[in-house]
Amino acid sequence: MKKIRSLCQSSRASSPLPGVLVFFLTSYVHNSESAKFTVIGPRDPVIATLGQEVVLPCHLSPSTSAADVEVRWYRSQLLPYVHLYHDGMDQYEEQMPEYSRRTQLLAAGLMEGNIPLKIINVALSDEGQYHCFVQDDTFYEEAILELRVTALGSSPLISIEGHQDGGILVVCRSAGWYPEPEVLWKDLSGRHLQTRSETTSRGDDGLFETQTTLVMKKHSSQNLSCCIRNTVLNEEKEAAIYVADSFFLKVTPWMAALSVILVVLVGLIGVTAYLFKMKGTLTKEVGKRDTEIGKRDREIEKRDNEIRWRRSVAPIEEATVTLDPDSAHPHLVLSEGGRSVRWEHTRQELPDSPERFSTWACVLGHGGFTSGRHCWKVEVGDGQVWAVGVARESVGRKGGISLSPEGGIWAVQQLGDQFYALTSPETLLPLSQAPCRVRVCLDCDRGQVTFIDAGAEAPIFTFPPGSLPGERIRPWLWLGWESRLQLCP
């Protein structure tokens, strides 16, 4: 299937966007054409060893020369990239810093359509998805593959820590594993033995350290081995130990007497603990009542704060907003009267005036505001890709646009099942349900904009006071693939 056209070398999008947004950047979608080639990568994850080098396979089918096309390897977004081959040479200007001097496009097979990427000195942060993106003129395809990083740790170290529970406490330690390893105790016959405890932690280097203990009893198997396995590579390291009979304690009369004394002491401690527990129960009940009273007080305070908040954001004027067709992107079709807009596959033939958005599928509202408090509602329905908010009069309309206050846009956005405030960087909004209508509240005097779920009357997000400039502010909408938005009366 067609992918989103890659960004030009000279264009810089200053707002980091999630990878999923790339598939909805409608401003670069072209009319469908016959497929020239398919980009193919491995279905199974590519396995790499920490600190070594790895080659990520990728090739064109049918075999087509890749010498004159653009080959872009990237992670979640097109810019910055992992590696870029363009105009017959490697490009490093906007490469991700963590891949500097660590990547190489293997050019030996370019004429046959082979475009594998070699990464040297593999790090844990390299693990994850990679996109192999190829563009020839206006045609583009990509393949997605996964890289898994592994590390074999140190050989197990077995030590005897002393006597416990009538046996000998044996401890097995190892470090330097990734991912988290599987640890097993085994006897000579290979039978798995029950461990007493097992702890696993990650060091500052991100690698796993493991410690597992076992209590060895006399007359049980005294030949043991500790086996630690990397489940991805299916490789393991093992160490063995033998404990002689002389290490086990012998029971003597004085030890039996000591055991009886210990039992009596344990009984006395138990009675004392019970009395303290009764006292603690009464104290707990009193504390519980105090907690419930405090909880009610906090709920009352929260309700009062919400009432004050609603009063503070309540606009004085319900604004009647219509959309400006002179600013609408050619993929956007406005209704008569400018009260609704929808995204269409077919790009309209419209004059490319300075007021019109030419790269992003955006549209502005008529007029705008310079003072006072105003609000309007936008019905988003069940759309999956949209953004609603305000923009300054001088917002950029051509080329790369930063969807953030730095770019002159204050808005909230839905991408699939996730919601964001378009701050810099973006703020993930943990909404309990998707809004059907969004109320935009603009306070020009305070330089503040607030978004409310108009159905549930619940706050969504507020940009802080003073964040808006002093120039004219206009309603702003962005529509993704096949979306539709409508201004409510």
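For the range 159-205, GluC sites (Glu not before Pro) meeting the loop criterion (DSSP other than H, G, I, E, B) and having at most 14 other Cβ atoms within 10 Å: none. Accessible surface of Ile47, taken over heavy atoms with a 1.4 Å probe and every protein chain present, rounds to 70 Å². For the set Glu482, Glu379, the ranking by accessible area, highest first and with no ligand, DNA or RNA atoms included, is Glu482, Glu379 under a 1.4 Å probe. Calculated mean residue ellipticity, 222 nm, the chain: -5000 deg cm²/dmol, from DSSP H runs (n ≥ 4) at -39500 (n - 2.57) each, averaged per residue and rounded to 500.
Solvent-accessible surface (1.4 Å probe) assigned to Thr462 amounts to roughly 50 Å².
For the range 76-115, the list of GluC sites (Glu not before Pro) that fall in a loop by DSSP and count at most 10 other C-beta atoms within 10 angstrom reads Glu93. Per-residue accessible area (protein heavy atoms, 1.4 Å probe) orders Thr423, Thr450 as Thr423, Thr450, starting from the largest. Distances between placed amide hydrogens fall under 5 Å for Thr38 paired with Ser61, all partners being 5 or more residues away or on another chain. Remark: spin-label model distance Glu457-Asp165 equals 6.0 nm, labels positioned 7 Å along the Cα→Cβ axis. The simple spin-label model puts a point 7 Å past each Cα toward its Cβ; for Arg347 and Arg446 those points are separated by 4.3 nm. Using a simple spin-label model with pseudo-atoms 7 Å out from Cα toward Cβ, Ser197 and Val260 lie 3.2 nm apart. Treat the range 399-475 as a sphere of radius equal to its Kirkwood radius over Cα pairs and apply Stokes-Einstein at 4 °C in a medium of 1.567 mPa s; give the translational diffusion coefficient in µm²/s, rounded to a whole number. Rounded to a whole number, D works out at 98 µm²/s. For Thr150, the amide hydrogen comes within under 5 Å of the amide hydrogens of Ala48, Thr49, Leu50, counting only partners 5 or more places away or on other chains and with H modelled in the peptide plane. The share of C-alpha pairs in the chain whose separation exceeds 42 Å stands at 47 percent. When Ser159, Ser154 are compared by accessible area of protein heavy atoms, the largest-first order is Ser154, Ser159, using a 1.4 Å probe.
3J(HN,Hα) along the range 200-209, derived from phi through the Karplus expression 6.51 cos²θ - 1.76 cosθ + 1.60 where θ = phi - 60°, amounts to 10, 9, 10, x, 5, 7, x, 8, 8, 10 Hz, with x in place of Gly and Pro.
Taking all protein chains together and rolling a 1.4 Å probe, Glu355 ends up with roughly 90 Å² accessible. Per the Cα gyration tensor, the range 347-489 maps to an equivalent ellipsoid with semi-axes of 21, 19, 14 Å, ordered largest to smallest. Across the range 432-444, computed HN-Hα scalar couplings (Karplus, 6.51 cos²θ - 1.76 cosθ + 1.60, θ = phi - 60°) run 6, 8, 6, x, 8, 9, 10, 9, 9, 10, 10, 10, 5 Hz from first to last residue, x flagging Gly and Pro. Here the 3J(HN,Hα) profile of the range 187-196, calculated from phi with Karplus coefficients 6.51, -1.76 and 1.60 at θ = phi - 60°, is 8, 4, 7, x, 6, 6, 10, 6, 7, 7 Hz, Gly and Pro shown as x. For the range 331-489, the share of accessible area belonging to carbon and sulfur comes to 49 percent (1.4 Å probe, ligands and nucleic acids excluded). How many angstrom separate the Cα center of the range 165-224 from the Cα center of the range 45-62? Taking the Cα centre of each part, the range 165-224 and the range 45-62 sit 34 Å apart.
The values are calculated or read from the model by the stated rules, or taken from the named source; none is laboratory data. Quick caveat: nothing in here was measured; it's all calculated off a predicted structure. Every residue, glycine among them, receives a Cβ derived from its backbone with ideal geometry; neighbour counts consider all protein chains shown. All accessible areas refer to the heavy atoms of the entire protein, side chains included, with ligands and DNA or RNA removed. Shrake-Rupley method; radii C 1.70, N 1.55, O 1.52, S 1.80 Å.
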